[in-house]
Amino acid sequence: MSTQHPITPPPELVQQWEEQFLERPTINGCFIPSYIAAKAAQWGADMELEACVEWLDRNSPVIGGFHLRIDRRPKPQSLKEQALTAAAELEGFKGVDTIRRALEALDD
């Protein structure tokens, strides 16, 4: 008798991924099994992360799961943050300080 792993996407979700793929069959140049496998892996990782966050919130409220979630699923840098990072790498070149100050003055 086969038992289903606790972190298995529901059939409805797999169906949704298949429909998404079929709407744009050239997604990243991959085939549907690869696309669904990648989506399932991400979904499973997200489910495991949320389970760990909940466990930390219940068992270690001082640490809490908030920090774990931020560390394991960081938000991508904004364009402004990317530009500031690039400017920092050019430190010492003429005009970089002016560019950095202009970037810092922009809204996020």
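Readers should treat all values here as calculations from the given coordinates under stated rules, not as data from a laboratory. Treat the numbers as computed from the prediction; the structure is a model and nothing was measured. All Cβ positions, glycine included, derive from the backbone under ideal geometry; neighbour counts span all protein chains shown.
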| remark: Most exposed first, judged by fewest Cβ atoms within 10 angstrom, T85, T8 run T85, T8
| Which entry in (1) 0.98; (2) 1.05; (3) 1.63 is this structure's computed Cα Rg over 2.2 N^0.38 Å? | (3)
| said: Can you pull out the GluC sites (Glu not before Pro) in segment 1-97 whose DSSP state is coil and whose Cβ has at most 16 other Cβ atoms within 10 Å? | reply: E91
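Around I32, under 14 Å between beta carbons, what's the net of Lys plus Arg minus Asp minus Glu among the other residues?
Numbers: positive: R24, K39; negative: E18, E19, E23.
So the environment of I32 carries a net charge of -1.
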| field | Student exercise, segment 11-72 dipole from Lys, Arg, Asp, Glu Cβ charges, in Debye to nearest 20 | value | 180 debye
| note | Taking the chain and counting helices only, DSSP H stretches of n ≥ 4 at -39,500 (n - 2.57) each over all residues, the nearest-500 ellipticity at 222 nm comes to -20500 deg cm²/dmol
| remark: Taking D57, D108 and counting other beta carbon atoms within 10 angstrom, the fewest-first order is D108, D57
